[in-house]
Each structure stands twice: as C-alpha cells, then as structure tokens.
C-alpha cells in the first residue's frame, strides 16, 4: 500500500492494495479489498466499491507472466467483484469516461470501452472487444472476443453475442444466440441522435469491424 | 471493525469489515474479507462465508451516493462473493429467514426475498424483484427488475426471466427466454402444499404483480 | 496465516489466509485476499491470482458444517474470484494438472477436473461433475450436477448443459439448452488425437456416465 503516489485527494481504504506502477488523478474512492496492479493509469473521480481487481494480467496462455497496460478515464463507477485485465504486450486496455461496471462485470485484455457505456451485473467482455459509446449491456450478457458493439445499442439480459453477429449502432438485441429485436428508440431519443449522426457512427462501426485483427483461427 | 456492536455471541473474522450502522443478533458467522455496510440489520445464526458484500449502495444512477436500508432475517447461508444491495431512498431490501444464496449470487436494491428461498450459484436478481417463499432458482438464472417469482417454483439453470413472463406459484420454468416446463410436483410434495394453499398463494402472487410499481418506461 | 507449512519456496501474499489443514508443495503463488481452507492439498507451481476461495464447504444442505477434502495438482492457473468447494463427507474434489480456471469460474463439491481442462470466465460446474481431459468450456457455460464432459470437447460461450445431454469426446456443443454443433477438429488436431484414441476415450466416457451415481431424484 503506497497511498502517496495517488495524491492527497484520493480515498484509499486501508485494506486496498495498490501496486507500485499504479497512478491516479484525484477524487477517486478505492474501497475495501480492492487490488490495483500492473501498469495502470486511473483518471479522476472514479469509485471502486470493493473486491475489485484492476490491471491483473491478460487471461491469455502466452501472456500469463507479462504485465501490460491499462488506462481508465474519469467519473467511472466500478462495483463489487469487477475485473479489468491489462493488455497483452504492446497492447492497451482502455476504459473511457463515465463508464459503469456493475457487480461482477468483467472486461478482458486489450478491450476498448468507450465513454458512457454501462456493463450490468455479470457482463463478460472477451479479449480485444470494442464497445462503442453509450451502449448498455444487460445482466449476464457475454460478448465473443474480437467483437464490436455499436453505439447506443441495448443488449438484453443474458444475451450471448457470438463472433459473427453484427451489432450495428442503435439496435436492441436479445437471446442466445443473439438476434436483432428492434431499433433502440429509447437510447436514440435519450441521447438526441439524428439520422446523420447514426450514419456517421455506423460508418465508424464498419471500419472497426474491418480493423479488428482476427487471428487465423477465428477467420 | 467494531465487533462489540455485534454482541459477544457472533464470530467475526479479523479481516471482515463491519461499518458503523450495522447491527446483528447473535450466532452469526462473518468470514474473511466480508464487507458489511450501510443501514443494515442482521438477525441470528446467519453464515457469511467469505468476500460477501452486504448493504452496499443501490446500483441505480440516481442513488450512487445515498445509503438505504437492508434487513436480513435468521438462519441464512450466504456463500463466497455474494452481493446484497441496500434499498434506494425510503425503500427496503428484505431477506427473509432460512434463505440460501450460493456463491456469486446477487440481490439488487429494494428486493424482497421471502423465507426458504434458494438462489444458486451466480443467480442475478434485478431491482425491485419479489421472490416468494420456498422458490428455487438454478445456477446462473437471471430475473428482470420489477418481476415476481411465485412460491414453490423451480427456475432452471441458466433461465432468463424477462419482464413479461408470469411465474405463477408451483411451476417449473426453463430456457432463454424462459418458458413453462411443468408443474413443480417435487416442491409441492416436499412442502406438503394442497390445492387450497396453492390457490391462496396464487391470489397473493396476482396481487403482488399488480402492486409492483413499474416506472413509466416499463409499462 | 501460517506460511511455514507451505514450505519456503512458495509466495504467499501477506493478506492471504491459509487455514491449518492446508498443505502445498513448492513454487506456488497465492495472491491478495485468497482464502484457502478445509482439508486441502495443493501441488506445485500453481498461481492463485486474488480473491480465490478454495476448499470451502460443499454447497449442499446436508454438508454445510462438515469439512471435506480437496486436492489440486501442479501447474494450474486460478484467476480472480474463483471458487473450488471441498467434497462432501468421504468424497473428494480433485483438480488435475495444468488446469486453467479463469476469473469467477466455479467448481462444486466432489467434482473431478482432469488434466489440461480450461474453464473460462464465469463457468459454473455443478456438484459431482466429471470433466475429462483437455476440454474447453467457454465464458459463462453451466454444467448440471452429475454430468460428464468428454475429452477434447468445446462448450460454447453461454451454453447450458442439462442433465440429459451426452457430451461425447471430441465434440463442439453450443446453446441453451445445448446442442451438438460439430466435431471439434481444432482440438483433435491440436492434441494429435487419432481414431483409436478417440474410441478408447469414448469408452471411458460411457463408463463414467454409467458410474455417476445419480440420486433417486435425478433418475
């Protein structure tokens, strides 16, 4: 426990463990039994409730014993028993601003979680997944590695997103395996998204899908 | 850690954290790395195995920073990594007597879990859910917020209970989305339930469904 | 915390709790907030990342208050928040060599997990299950008690394996309830399995199914 590196304006519970390469801004709450490790940078005003593990090594058989990087933005809420894994070598796990991870949610190595995303209780995000902004994943949803989840999408409770599903922005998907249910009017209205913005974001989604470098095995 | 408020007849592991507004009867076991907080009242003879979080704030964007109430009855079994959340303001999270929550189960804010309910490993109960007595939820089942689960029901492993399903007392349901499989004869026999009791409990179920105050969004 | 019984060649984090009847070989890493208890024997070169609970009592209403046995082999990887339960009286929970349990995975009482098995994030293995060698269970899969999972099988993300499914060696299964998708050529090639070996292992699978002593209720 080395509270000083975190600055004077963070609350760190006396039982939390902060390893040597962790840095943080100010206004963060780090609760009981949290374990922050690896090459981890935390922004401002985040709350880690309790029993969180952040920055532990990638769950990847070639990377058990290598420390990767993790960056977390501002104003996030991270509840009990969540896990965020560091990237594999040269990669980066990136959590944006205003991200909510409810209890027991999990983000794997090399994921990018954009601003405003909500991962409900028990959500599991596989490695190298990109979740675009303001998406909402329901309780217990699971996402296959190398997937992309479009902006303003709603993934229903217990949905299983396999590798071939294409979750375009602004849609609601449900089921195992997941299927498209409807346009997510609720979110598009809430975030005041017009057709132009949706077309732009869909283009960005398509590019991200192309960019996701699938290993030979998944092609 | 303030063991005295818990009375002399409780076992509290030296690593457990009990915050100031927690009270307990006697005969409770509170194991390693448990975190009990908020306005929490615990009855007698409960066992919290380890890494439990009880009474943490509601997972509700309007209630991140408010402490609500939680009441837990007698003779409960709460296994590793479970979470029970406090109510939102003015509400109450209520766990009855002889409730079993197996490892990694989760009960959200403002839920009522009646006597004799079993929540298996990884069960997720959304906010404002009412689980009626002696129900049995299988491994990994998830229940949508504002739902009611009837007495003596069996919810199969991995079932997803959406908002519109009606889980009447004495039934077995399975699947994603869940569907009625059969009458739960096993439970009705075990608890010695006759037709009269089943009719009475079904009337209570129907009333609870009516009473569940759905927010505008869910209507 | 009694580090000496673990030998001088183990790393035990200062916050880990190791109860009196736990023994270990050498080269093990036992991370922050781990809780090892019961009649537990650990081999060599295992890594328990953090918040692991190993050897806690069986989740079985007749065995809440009895300590059973647990044996763990060599070279295992056990990630954050995993749980392994001890056997019921006279039984044995056995984890083989080179087993991988990713974060939040769970193995119940009296299970046998053979060498080389991978249990992904959030996998739930019910009581008395036998998982044969080199199987791979995807994120969030659940297995009914008294089941047998054949060698070199692949269980897809979110699959629910009910009591009547027969997961023969070398197959890929997906869905809720699970269904056979294809032969798992990937694993058979990777492990260099020829037809003769597959026939032998299938015979062993059939015998294990016969041997699994179902209680009257499940027959």
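With respect to (1) touching a residue at least 40 places away in the same chain (Cβ under 8 Å); (2) out of contact with any strand residue (DSSP E or B) (no Cβ under 6 Å at 6 or more places or on another chain), the lone exception for residue C:133 is condition (1). Among the numbered conditions (1) surrounded by fewer than 24 Cβ atoms within 10 Å (Cβ to Cβ); (2) in contact (Cβ under 8 Å) with a residue 12 or more places away in the chain; (3) within 28 Å of residue B:105 (Cβ to Cβ); (4) within 14 Å of chain A (Cβ to nearest Cβ), the only one that residue C:145 does not meet is (4).
Out of region A:185-196, which residues are touching a helix residue (DSSP H, G or I) at 6+ places or on another chain (Cβ under 9 Å) and either in a helix (DSSP H, G or I) or exposed (fewer than 14 other Cβ atoms within 10 Å of the Cβ) (or both)? Across region A:185-196, the qualifying residues are A:186, A:188, A:194. Considering only region B:166-177, state which residues are modelled with pLDDT of 95 or more and at negative phi. Those that are modelled with pLDDT of 95 or more and at negative phi: B:166, B:167, B:168, B:169, B:171, B:172, B:173, B:174. Within region A:91-105, identify whether any single residue is within 26 Å of residue A:17 (Cβ to Cβ), out of contact with any strand residue (DSSP E or B) (no Cβ under 8 Å at 6 or more places or on another chain) and touching a residue at least 40 places away in the same chain (Cβ under 8 Å), and answer yes or no. Yes: region A:91-105 contains one or more residues that are within 26 Å of residue A:17 (Cβ to Cβ), out of contact with any strand residue (DSSP E or B) (no Cβ under 8 Å at 6 or more places or on another chain) and touching a residue at least 40 places away in the same chain (Cβ under 8 Å).
Restricting region A:73-110 to residues that are crowded, with 24+ Cβ neighbours inside 10 Å and over 17 Å from residue A:51 (Cβ atoms), the residue that is nearest to the other protein chains (Cβ to nearest Cβ) is A:108.
Of all residues in region A:40-55, those satisfying the criterion of being away from chain C (no Cβ under 13 Å) and either more than 19 Å from residue A:75 (Cα to Cα) or assigned to a loop (DSSP other than H, G, I, E, B) (or both) are A:43, A:44, A:45, A:46, A:49.
The lone criterion from (1) modelled with pLDDT of 95 or more; (2) touching a strand residue (DSSP E or B) at 6+ places or on another chain (Cβ under 7 Å); (3) surrounded by 19 or more Cβ atoms within 10 Å (Cβ to Cβ) left unmet by residue A:151 is number (2). Counting the residues of region C:148-171 that are part of a loop (DSSP other than H, G, I, E, B), within 27 Å of residue C:195 (Cα to Cα) and more than 12 Å from chain A (Cβ to nearest Cβ) gives 10. Please give the number of the condition residue B:199 fails out of (1) under 27 Å from residue C:162 (Cβ atoms); (2) surrounded by fewer than 14 Cβ atoms within 10 Å (Cβ to Cβ); (3) out of contact with any strand residue (DSSP E or B) (no Cβ under 7 Å at 6 or more places or on another chain); (4) more than 11 Å from every other protein chain (Cβ to nearest Cβ). (1) is the only condition that residue B:199 fails.
I'd like to check something: does region B:56-63 contain any residue that is within 17 Å of residue B:85 (Cα to Cα), in contact (Cβ under 8 Å) with a residue 12 or more places away in the chain, within 14 Å of chain A (Cβ to nearest Cβ) and over 21 Å from the mean Cα position of the chain (by Cα)?
Taking every residue of region B:56-63 in turn, at least one turns out to be within 17 Å of residue B:85 (Cα to Cα), in contact (Cβ under 8 Å) with a residue 12 or more places away in the chain, within 14 Å of chain A (Cβ to nearest Cβ) and over 21 Å from the mean Cα position of the chain (by Cα).
Kindly check whether there is at least one residue in region B:52-65 that is closer than 22 Å to residue A:33 by Cα, out of contact with any helix residue (DSSP H, G or I) (no Cβ under 9 Å at 6 or more places or on another chain) and surrounded by fewer than 20 Cβ atoms within 10 Å (Cβ to Cβ). Taking every residue of region B:52-65 in turn, at least one turns out to be closer than 22 Å to residue A:33 by Cα, out of contact with any helix residue (DSSP H, G or I) (no Cβ under 9 Å at 6 or more places or on another chain) and surrounded by fewer than 20 Cβ atoms within 10 Å (Cβ to Cβ).
Entry remark, region B:10-39: residues being more than 20 Å from residue C:64 (Cα to Cα), under 20 Å from the mean Cα position of the chain (by Cα), assigned to a strand (DSSP E or B) and within 14 Å of another protein chain (Cβ to nearest Cβ) number 3 in total. Taken over region C:116-127, the residue count meeting the criterion of being surrounded by fewer than 24 Cβ atoms within 10 Å (Cβ to Cβ) and away from chain A (no Cβ under 14 Å) is 1.
Being more than 10 Å from chain C (Cβ to nearest Cβ) and part of a strand (DSSP E or B) is a description that applies to residue A:182.
The values are calculated or read from the model by the stated rules, or taken from the named source; none is laboratory data. For clarity, every value in this text was computed on a predicted model and none was experimentally measured. Quick reminder, even Gly has a Cβ in these numbers, built from the backbone with ideal geometry, and neighbours come from all protein chains shown.
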